[in-house]
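J.: Shown below is the structure under consideration.
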């Protein structure tokens, strides 16, 4: 049985998601604690959770469905799991093959003179590299093989509602020129706040629901392999924040349902045609990760109070 000590402050951080920015701005920020981000290839899934430690660094821990903590590592600096919206299962930044994880700086993006990201090699559970970009950036998405990272670049200082999407080549380590736009829109920048997201089974397509400053809404469909995007305008609805995205029919249909499961709209992926589904088309269920997030936090709190981990031994890992 492997032992290490965590402060009560870390246990508290595990119980509450602490985003770098909570209010009505921006697509993705970073958070510590909560449910973290879930694996794609392991069943049942386990979660990677970032926690603040008492030295100003960050602990990245692996938590099983039952609350067991396995490998962990401490990194210098304050980092968090990229998140979208306010749900406990909103974590992002993990490649489809579960081999690469991107952590984002746990600071408000538009207040930073540079965008900072930490790339973690999960096969060796160590830092691969740190990326520092001039300007205000936040994480958006990864291609399935983690060869390309998509970023949000904010176009005005202090304004997280207007931005463009950029691509960063993780193999050549450079920010690619140009921006990712819907060429049919002819817009210089995007505007809105991300509310929720769904990703195709192969990790290629990322669908994000946005609410605009004027009260409108749209779905941003990003092809992370080809580097192209489509914007699908939606009917106005003041309750858009209660909508959940999911993919149906082998990813051929993007369903927009109310949180209670009642269907609202359907989008045919590829043609991007929006329709109103039959009232009989109910929403699917799923594991209640909001409750699981609290359970994971509670397990970590107990571990911190007792000063030990359970069952599976972890390797000795040094500070990055």
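J.: For the stretch 63-88, which positions are closer than 27 Å to residue 259 by Cα and modelled with pLDDT under 85?
T.: 65, 66, 67, 84, 85, 86, 87, 88 - these are the residues of the stretch 63-88 that are closer than 27 Å to residue 259 by Cα and modelled with pLDDT under 85.
J.: Okay, next question. Starting from the stretch 265-281, keep only residues that are under 11 Å from residue 249 (Cβ atoms), then list their pairs with residues that are at pLDDT 95 or above and surrounded by fewer than 16 Cβ atoms within 10 Å (Cβ to Cβ) whose Cβ atoms are within a distance under 6 Å, requiring at least 6 positions of separation or different chains.
T.: Close Cβ pairs satisfying both conditions: 266/275; 269/252.
J.: Out of everything in the stretch 185-196 that is part of a strand (DSSP E or B) and surrounded by fewer than 21 Cβ atoms within 10 Å (Cβ to Cβ), what residue ends up being modelled with the lowest pLDDT?
T.: Restricting to residues being part of a strand (DSSP E or B) and surrounded by fewer than 21 Cβ atoms within 10 Å (Cβ to Cβ), the top hit is 191.
J.: Does residue 218 satisfy the condition of being within 16 Å of the chain's Cα centre (by Cα) and not in a loop (DSSP other than H, G, I, E, B)? Break it down stepwise before answering.
T.: Values: within 16 Å of the chain's Cα centre (by Cα): no; not in a loop (DSSP other than H, G, I, E, B): yes.
The answer is no for residue 218.
J.: Could you identify the single residue in 182, 249 that is at pLDDT 95 or above and farther than 18 Å from residue 84 by Cα? Give the derivation first.
T.: Working: 182 fails: at pLDDT 95 or above.
Unique residue meeting the criteria: 249.
J.: Looking at the stretch 146-176 only, could you name the residues that are in a loop (DSSP other than H, G, I, E, B) and at pLDDT below 95? Can you show your working first?
T.: Initially, the stretch 146-176 is screened for residues in a loop (DSSP other than H, G, I, E, B), giving 146-147, 157-158, 170-173, 176.
Across the stretch 146-176, the qualifying residues are 157, 158.
J.: Does any residue in the stretch 239-251 that is more than 13 Å from residue 205 (Cα to Cα) come within less than 6 Å, Cβ to Cβ, of a residue that is assigned to a loop (DSSP other than H, G, I, E, B) six or more places away or on a different chain, and which pairs are these?
T.: 242/259; 244/259
The values are calculated or read from the model by the stated rules, or taken from the named source; none is laboratory data. Note that the structure is a prediction, hence the values are computed from the model and not measured. Using ideal geometry, Cβ is built from the backbone for each residue, glycine included, and neighbour counts are taken over all protein chains shown.
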